[in-house]
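Every read-out reported here was derived from the displayed coordinates using simple, explicitly stated rules and does not represent laboratory data. From a predicted model like this one, the values you see are computed outputs, not experimental measurements. Heads up, the Cβs are rebuilt from the backbone with ideal geometry, glycines too, and the neighbour counts pull from every protein chain shown.
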Amino acid sequence: MLVLFNVTYTAISLPAGVLSDRLGRRRVIALGWLIYALVYLGFALASSLWQVWLLFACYGAYYGVVEGVARAFVADLVPEDRRGTAYGLFHGVVGITLLPASVTAGWLWQVISPAAPFYFGAGLAFLAMIGLLVLVRE
């Protein structure tokens with residue numbers, strides 16, 4: 001599955017970057033977060049192995065759409081002399097938030113159901129997408 005994820009991620013990254021140059025980074029990131037929300041909803045509802053394989057490929061597509069474009073968006077949002085600080089802050093915040101996110105997902109899995117963290121993640125991704133489109137300007 002990780003090979004499928006990486007092949008999909010690799011195949012999508014360049015076209016996503018080109019698309020972000022044409023449509024704008026914010027829109028492409030929002031599209032990626034929509035894909036993420038749908039993939040997580042799919043993981044919550046999946047009932048057979050082939051569905052998980054397909055969703056993992058779609059997860060690679062999400063990653064390919066968002067990963068490079070988000071980094072480019074950071075560069076777009078800050079002055080050139082602040083980019084190192086901005087990248088450090090960006091990756092620091094992502095890293096710091098991974099621990100509580102993982103703890104929350106584990107708690108939801110054990111206390112509610114294995115599908116619960118995926119529903120929760122899908123909902124948060126959808127809210128983040130709306131927030132990005134409404135609150136952030138390029």
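Among the chymotrypsin sites (Phe, Trp or Tyr not before Pro) within segment 1-57, not one is in coil by DSSP while having at most 12 neighbouring Cβ atoms inside 10 Å.
Among Gly106, Gly95, Gly24, the largest mean-square fluctuation in a Gaussian network model of the chain (Cα springs under 10 Å) belongs to Gly95. Quickly estimate the mean residue ellipticity at 222 nm for the chain, helices only: each DSSP H run with n ≥ 4 gives -39500 (n - 2.57), and the total goes over all residues, rounded to 500. Mean residue ellipticity at 222 nm (helix-derived): -31000 deg cm²/dmol.
Top mean-square fluctuation among Leu55, Leu98, Leu45, Gaussian network model of the chain, C-alpha springs under 10 Å? Checking each option, the largest mean-square fluctuation is seen for Leu98.
Multiply the residue gap between Ala86 and Arg137 by 0.36 nm, knock off their C-alpha separation, and tell me the result in nm, one decimal place. Could you put the intermediate results ahead of the total?
Working: separation 51, 0.36 × 51 = 18.36 nm, distance 1.71 nm.
Residue separation times 0.36 nm, minus the Cα-Cα distance, leaves 16.7 nm.
For the chain, with a Gaussian network of springs between Cα atoms less than 10 Å apart, report the residue from Val65, Val39, Val52 with the top mean-square fluctuation. Answer for the Gaussian network model of the chain: Val52. Only Cα sites of segment 1-63 enter the Debye sum here, all with the same form factor; the resulting log10 I(q)/I(0) across q = 0.15 1/Å is -0.47, listed in q order. Averaging 1/r over every pair of different alpha carbons in segment 48-105 and inverting the result gives a Kirkwood radius of 13.6 Å.
From the P(r) of the chain, could you give the percentage of C-alpha pairs in the tail past 21 Å? That tail contains 48 percent of the Cα-Cα pairs. With each label modelled as a point 7 angstrom along the Cα→C-beta vector, the Asp21-Ile96 pair spans 3.5 nm.
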